[in-house]
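Okay, structure first, notes after.
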Amino acid sequence: MRTTPQLVIALATLLLAGCAGRALMGTPNVYAGAEPATVYRDVPGELQSNKVDLLYVTDRAQERDGSGYGFGRSASLAFGSIVVRIGKAISWDELMELSTAKERTKEPRLSVVSIEEQGRFPSVPVPMVLVDGEVRRDPLIVKALREREGQLLAELSRRLTLAPKAEVVIYIHGYNNKLSDAALTLGELWHFLGREHVPVLYSWPAGHGGISGYAYDRESGEFTIYHLKSFLRLLAALPELDRVHIIAHSRGTDVAITALRELFLETLAEGEDPRQRFHIRNLILAAPDMDFEVLVQRVVAEHLERGLVQVTLYTYQKDKAIQVAERLFGSHTRLGRLQQNDLSREDVESLEKVPSITFVEFTGKSKGLSHGYFHTSPAVSSDLILSIRYEMPPGPQHGRPMQRRGANFWAIDDSYPPNAGEH
């Protein structure tokens with residue numbers, strides 16, 4: 001593993017392992033042994049099944065044979081429904097029992113059973129035409145754009161009407177993920193979040209594969225920024241929306257951070273409060289594949305925390321994919337493996353002034369793929385649930401009994417939380 005091609009192949013292997021056709025993630029510790037009817041008490045009848053209907057938004061290009069979406073880039077944004085099935089013949093009561101069991105009698109497997117595109121926006125940029133002597137965006141295409149916006153807003157409103165909470169959970173996947181890979185992850189996460197929110201999968205054109213795959217996917221992450229910003233602006237226009245929670249994984253963390261940075265700077269320049277406009281309660285950066293120095297310069301230095309209530313970064317020293325990325329990019333410190341003792345005194349003092357940013361280091365053993373520990377580890381998934389579903393700030397006094405490592409730094413092990421099953 002001395003050459004760049006070998007490093008890229010190693011990274012691709014680490015990130016692809018265990019994606020397709022996997023079993024349902026383990027029962028989060030926070031639910032183990034709990035009463036199933038209590039954990040899923042607010043799920044309406046329409047959502048009580050072993051199927052999970054996700055709204056997807058993507059700028060992936062469709063495959064030529066119409067079989068779905070590949071890694072190609074599309075100038076137009078599409079949206080629709082992707083249904084994930086948990087097990088083949090499992091009743092709702094049985095699924096609730098399995099989802100709260102300390103030891104399961106069976107391991108249901110996840111599968112994507114349908115993908116239905118419901119609408120597609122016009123390509124961007126919109127062509128310019130001459131209208132009454134002035135150069136303007138083509139009015140016919142602008143009209144089509146507004147129609148698609150209305151269609152997507154109507155679908156979001158319909159889903160919000162069904163949800164127990166007027167909140168949206170957005171999942172932004174990482175490098176080398178197919179649309180179906182990301183759907184399986186969001187499907188199980190939303191299930192264990194109590195099915196209380198509207199789940200939205202934002203899928204960008206990743207999954208190229210091969211030696212050049214990491215470079216291609218990295219640039220696809222830059223390509224998608226305009227479309228992601230457009231979607232977040234549109235989402236913010238929903239009057240009935242209360243809160244937004246964003247979970248970004250791996251390279252998806254850079255996609256999320258870049259889009260939010262540009263939106264927040266734009267909003268602040270207009271004299272408005274980005275918290276009030278975009279309603280983002282939680283930004284979860286899971287196994288972030290970003291350089292710490294880049295984050296400090298692009299986020300902390302410009303005080304972008306002003307647009308977010310809580311930012312949580314999950315790190316893991318044994319994350320093999322992040323280890324390879326560190327070697328590939330020559331990073332001094334990669335966020336996904338960050339510890340407080342990696343930082344200078346100035347860095348620590350700077351972070352201490354931003355209490356809304358929390359680093360949570362996982363110190364346990366990750367089963368299977370170490371890079372996906374945020375959902376494969378029952379301890380880390382528990383903390384994610386406490387943060388999003390129960391909106392608990394870090395600290396034992398708030399119901400998240402983590403070990404303090406510093407002002408912004410905490411740690412959790414495999415036994416976390418000690419009061420499992422009480423929520």
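Quick note: the coordinates plus some simple rules give every number you see, no bench work behind them. Keep in mind that this is a model prediction, so the values were computed, not measured. Note that we place each Cβ from the backbone using ideal geometry, even for glycine, and neighbour counts take in every protein chain shown.
How much of the DSSP bridge set in region 4-412 is antiparallel, in percent, rounded to the nearest 5?
45 percent
Please work out the FRET efficiency for the pair residue 233 and residue 49, using the Cβ-Cβ distance as r and a Förster radius of 35 Å; give the result to the nearest 0.05.
Efficiency at R0 = 35 Å is approximately 0.60.
Please list, ordered by chain and number, the residues whose modelled amide H lies under 5 Å from the amide H of residue 395; skip anything fewer than 5 residues away on the same chain.
Here 400, 402 satisfy the definition.
Using unit Cβ charges (K, R positive; D, E negative) and no other charged atoms, how large, in debye to the nearest 20, is the dipole of region 64-163 about its Cα centre?
Its charge dipole is roughly 160 debye.
What are the ³J(HN,Hα) couplings of region 398-411, residue after residue, when phi is run through the Karplus curve with 6.51, -1.76, 1.60 and θ = phi - 60°? Round to Hz, x for glycine and proline.
Whole-Hz 3J(HN,Hα) from phi for region 398-411: 9, x, 10, x, 8, 8, 6, 10, x, 4, 10, 10, 9, 9.
I want to verify a result. In a Gaussian network model of the chain, Cα cutoff 10 Å, which of these has the top mean-square fluctuation: 363, 105, 27?
Highest fluctuation among the options: 105.
Among 72, 212, 358, which residue has its Cα positioned farthest towards the positive end of the charge dipole of the chain, with +1 placed on the Cβ of Lys and Arg, -1 on the Cβ of Asp and Glu, and the dipole taken about the Cα centre?
Going by the charge dipole, the pick is 212.
Normalising by the residue count of the chain, find the relative contact order in percent from Cα pairs under 8 Å and 6+ residues apart.
18 percent
Give me the one-decimal nm value for the distance between modelled label points at residue 41 and residue 165, 7 Å along each residue's Cα-to-Cβ direction.
Roughly 1.5 nm, to one decimal.
Under a point-charge model restricted to the Cβ atoms of Lys and Arg (+1) and Asp and Glu (-1), what is the dipole moment magnitude of the chain relative to its Cα centre, in debye to the nearest 20?
720 debye
Scan around residue 405 for amide H atoms under 5 Å from its own, H built in the peptide plane at 1.01 Å from N, and keep only partners 5 or more places away or cross-chain.
410, 411
Calculate, in nm to one decimal, what residue 128 and residue 266 gain on full extension: separation in residues at 0.36 nm each, minus their alpha carbon distance.
Gain on stretching residue 128 to residue 266: 47.3 nm.
When Lys and Arg each count +1 and Asp and Glu each count -1, what net charge do the other residues less than 13 Å away from residue 96, Cβ to Cβ, add up to?
Result for the local shell: -2.
What is the sum of charges, Lys and Arg at +1 and Asp and Glu at -1, for the other residues whose Cβ falls under 13 Å from the Cβ of residue 254?
-1
What's the exposure ranking of 25, 392, 128, going from fewest to most Cβ atoms within 10 Å?
Final ranking by Cβ density, sparse to dense: 128, 392, 25.
What is the local net charge at residue 24, summed over the other residues whose Cβ is closer than 11 Å to its Cβ (Lys, Arg +1; Asp, Glu -1)?
For residues surrounding residue 24, the net value is +3.
Would you please classify the overall shape of region 154-280 from the alpha carbon gyration tensor, given that a ≥ b ≥ c denote the square roots of the eigenvalues, rounded means a/c under 1.5, and beyond that prolate means a/b larger than b/c while oblate covers the rest?
Cα axes put region 154-280 in the oblate bin.
Over 21 Å between Cα atoms: which of 320/365; 229/318; 51/88; 102/365 fall into that group?
229/318
By counting other Cβ atoms within 10 Å of each Cβ, how are 290, 402 ranked from fewest to most?
402, 290
Using the basic label-point model (7 angstrom from Cα toward the beta carbon), what is the residue 317 to residue 117 distance in nanometres?
About 4.8 nm, to one decimal.
Could you rank the peptides 300-310, 186-196 by their average count of other C-beta atoms within 10 Å per residue, with the highest value first?
186-196, 300-310
Non-local amide H neighbours of residue 176 (under 5 Å, H modeled in plane, Pro and chain starts lacking H): which ones?
Result for residue 176 returns 207, 208.
Convert each backbone phi in region 252-263 into a coupling constant with the Karplus relation 6.51 cos²θ - 1.76 cosθ + 1.60 (shift: θ = phi - 60°), then list the ³J(HN,Hα) values in order as whole Hz, x for Gly and Pro.
Those phi angles translate into x, 5, 5, 4, 5, 4, 5, 5, 5, 4, 5, 5 Hz.
Taking just the alpha-carbon atoms of region 4-412, what radius of gyration and Dmax come out, in angstrom?
When restricted to the Cα atoms of region 4-412, Rg and Dmax are 20.8, 72 Å.
Quick one: of the DSSP bridges fully inside region 243-361, what percent are antiparallel, nearest 5?
5 percent
Could you identify which residue out of 255, 200, 39 has the top mean-square fluctuation in a GNM of the chain using Cα springs shorter than 10 Å?
39
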